[in-house]
């Protein structure tokens with residue numbers, strides 16, 4: 001059952017988690033969790049434990065691609081292109097809202113209007129628990145990396161940009 005106190009988009013994520021059979025708790029904070037650094041400070045974890053959701057667009061297909069990256073990592077667009085079989089570009093705010101139903105800064109790994117092709121940063125698997133956005137710029141939920149893979153149907157891949 002969803003928490004009636006959660007705001008609309010956070011409640012939507014809580015319901016999406018429950019619909020997939022997961023009993024994870026969406027938590028809202030008074031401070032921002034929009035960036036990986038802000039989220040890590042709010043929950044008291046390492047920046048690498050933040051599972052940030054970044055939306056890309058397949059250039060030829062127009063389909064949404066979701067890269068779930070470890071908080072300190074940048075996503076390698078060429079790696080996403082190899083994985084998806086087409087060139088990709090970072091999605092603009094309008095595309096993100098249209099395809100996911102969420103605004104940039106709160107895009108969760110689940111509950112999207114259109115199911116994206118999902119790639120999960122292999123670095124997230126090094127943690128026992130990671131924290132993912134939950135629909136608003138101040139809501140997150142804790143998830144085991146293996147459950148994140150199951151929850152999203154995502155492909156674990158090396159999507160981290162080399163430094």
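The values are calculated or read from the model by the stated rules, or taken from the named source; none is laboratory data. What you are looking at is a predicted structure, and each value in this text was computed from that prediction instead of being measured. Ideal geometry is used to build each Cβ from the backbone, glycine not excepted, and the neighbour counts take in all protein chains shown.
When 58, 111, 105 are checked against the criterion of being surrounded by 15 or more Cβ atoms within 10 Å (Cβ to Cβ), more than 14 Å from the chain's Cα centre (by Cα) and touching a residue at least 24 places away in the same chain (Cβ under 8 Å), a single residue qualifies: 58.
For residue 124, the criteria (1) farther than 22 Å from residue 15 by Cα; (2) in contact with a helix residue (DSSP H, G or I) (Cβ under 9 Å, 6 or more places away or on another chain); (3) surrounded by fewer than 20 Cβ atoms within 10 Å (Cβ to Cβ); (4) in contact (Cβ under 8 Å) with a residue 40 or more places away in the chain hold in every case but one, which is (3).
Of all residue pairs spaced 6 or more apart or on separate chains, those with beta-carbon atoms under 7 Å, a first member in region 73-102 that is surrounded by 16 or more Cβ atoms within 10 Å (Cβ to Cβ) and a second member that is assigned to a helix (DSSP H, G or I) and modelled with pLDDT of 95 or more are 73/123; 88/77; 88/80; 88/81. Within the set 15, 38, 28, the sole residue that is out of contact with any strand residue (DSSP E or B) (no Cβ under 8 Å at 6 or more places or on another chain) and closer than 16 Å to residue 105 by Cβ turns out to be 38.
Suppose we filter region 1-14 for residues that are surrounded by fewer than 17 Cβ atoms within 10 Å (Cβ to Cβ) and assigned to a helix (DSSP H, G or I); how many remain? It would help to see each step written out before you state the result.
Within region 1-14, the subset surrounded by fewer than 17 Cβ atoms within 10 Å (Cβ to Cβ) is 1-5, 7-8.
Still in the list and also assigned to a helix (DSSP H, G or I): 8.
Residues in region 1-14 being surrounded by fewer than 17 Cβ atoms within 10 Å (Cβ to Cβ) and assigned to a helix (DSSP H, G or I): 1 in total.
If you go through region 15-34 and keep only what is over 17 Å from residue 115 (Cα atoms) and either touching a residue at least 24 places away in the same chain (Cβ under 8 Å) or surrounded by 16 or more Cβ atoms within 10 Å (Cβ to Cβ) (or both), you end up with 22, 24, 25, 26, 27, 28, 29, 30, 31, 32, 33, 34.
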